[in-house]
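Colleague: Okay, handing you the structure first.
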Amino acid sequence: MVRVRDVTLRDGLQGLSVVLPTATKVEVYQKLLGAGVEEAQVTSFVSPRRLPQLADAEALWDALRTFPGIKGALIANHKGYQRARAVGVDRLEMVLAISPTYHQRNSGCSRDETWAELVNMAAEAKDDGAYLAVVLANTWQCHFEGETPIENLLHWAERVAGLGVPELGLADTTGAARPEEVYDRVRAVRDAFSHFFLRVHLHEGGRGLENARAAHDAGTDALDAALLGLGGSPFAGEFVANLNLKQLHEAGLVKLNREGILQAEVVLQRYLKAAHL
């Protein structure tokens, strides 16, 4: 078994053509709790012009404030950090793409600019008592630049280690990774940086469960997944689904309440059906 973080309300929604009402998002979160989900990334504090699906970040966080569970949010820059901290978010994840091309498309600024912000944010988070994780996008491949050399991955993992943050995420981004590649890179990072809490964010690409097993076998501490396998970056050049939460449970990789998952899926499907998706 491996820990799982649900990312339905963040990654699962960011590519949809409709915006779920905040109340529907709260209902989905309630059902996820009933399914036994203990951790969720519930939103992203990014520009509402770029991701209108997540424009209610402050309102959603306020609505979920009293609910149990480990709740976190994604940020892309210092402005996002400030917005999140202003409403009391204390678990944050910052995206840094190994591919300069994808990073520019995803964040609207250069990788070097983001790195400079990240260095300052890591120090600020320590002073604030906030938990800041860093996720490396394009751990395996970039739609625009091709395969990511493992040397580049280890280089950026080492730089992140130097920040003193407690958690590192490895993101597939495009769903191109194969099980043997997942195992090799997760194992290499695990061996070189054993102090990290290591999280792996995979996309389906036809090999989702095999890749999830490979990440588990290589020593990851946690996986990300979403209801119905929804999600994927709208800026990656190709849109690939997330790992499916129910399928991870049925494969025995995570332990959840299947009936609870089905109830959460019904809430989501009811709205998507009404929106003709």
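The values are calculated or read from the model by the stated rules, or taken from the named source; none is laboratory data. Remember, it's a predicted structure, so these values are computed and weren't measured experimentally. Quick reminder, even Gly has a Cβ in these numbers, built from the backbone with ideal geometry, and neighbours come from all protein chains shown.
Colleague: Can you name the residue in the stretch 222-275 that is charged (D, E, K, R) and assigned to a helix (DSSP H, G or I) and, of all such residues, is modelled with the lowest pLDDT?
Modeller: If we take residues in the stretch 222-275 being charged (D, E, K, R) and assigned to a helix (DSSP H, G or I), then Lys273 is modelled with the lowest pLDDT.
Colleague: Out of Val87, Val2, Val26, Val7, which single residue is crowded, with 24+ Cβ neighbours inside 10 Å and either in contact with a helix residue (DSSP H, G or I) (Cβ under 8 Å, 6 or more places away or on another chain) or closer than 26 Å to Val200 by Cβ (or both)? Quick ask: steps written out before the conclusion?
Modeller: Details: Val87 fails: crowded, with 24+ Cβ neighbours inside 10 Å; Val2 fails: crowded, with 24+ Cβ neighbours inside 10 Å; Val26 fails: crowded, with 24+ Cβ neighbours inside 10 Å.
Selected residue: Val7, the only one of Val87, Val2, Val26, Val7 that is crowded, with 24+ Cβ neighbours inside 10 Å and either in contact with a helix residue (DSSP H, G or I) (Cβ under 8 Å, 6 or more places away or on another chain) or closer than 26 Å to Val200 by Cβ (or both).
Colleague: Among the residues of the stretch 62-84, what is the count of those that are farther than 20 Å from Gly260 by Cα, crowded, with 17+ Cβ neighbours inside 10 Å and over 17 Å from the mean Cα position of the chain (by Cα)?
Modeller: Residues meeting the conditions: 1.
Colleague: Next question, about the same structure. Name the single residue, out of those in the stretch 98-107 being buried (at least 16 other Cβ atoms within 10 Å of the Cβ) and not basic (Lys, Arg), that is farthest from Glu145 (Cα to Cα). So that I can check it myself, show each step before the final result.
Modeller: Of the stretch 98-107, the ones buried (at least 16 other Cβ atoms within 10 Å of the Cβ) are 98-99, 102-107.
So of that shortlist, the ones also not basic (Lys, Arg) come out as 98-99, 102-104, 106-107.
Values: Ile98: 10, Ser99: 7, Tyr102: 8, His103: 11, Gln104: 13, Asn106: 14, Ser107: 17 Å.
Applying the filter and picking the extreme gives Ser107.
Colleague: Among the listed residues Gly146, Gly162, identify the single one that is farther than 21 Å from Gly15 by Cα, out of contact with any Phe, Trp or Tyr (no Cβ under 9 Å at 6 or more places or on another chain), at pLDDT 95 or above and not hydrophobic (A, V, I, L, M, F, W, C).
Modeller: Gly162
Colleague: Taking the options Ala222, Ala161, name whichever one is free of Cβ contacts under 8 Å to residues at least 60 places away in the same chain and of a type in the set (Gly, Ala, Ser).
Modeller: Exactly one of Ala222, Ala161 is free of Cβ contacts under 8 Å to residues at least 60 places away in the same chain and of a type in the set (Gly, Ala, Ser), namely Ala161.
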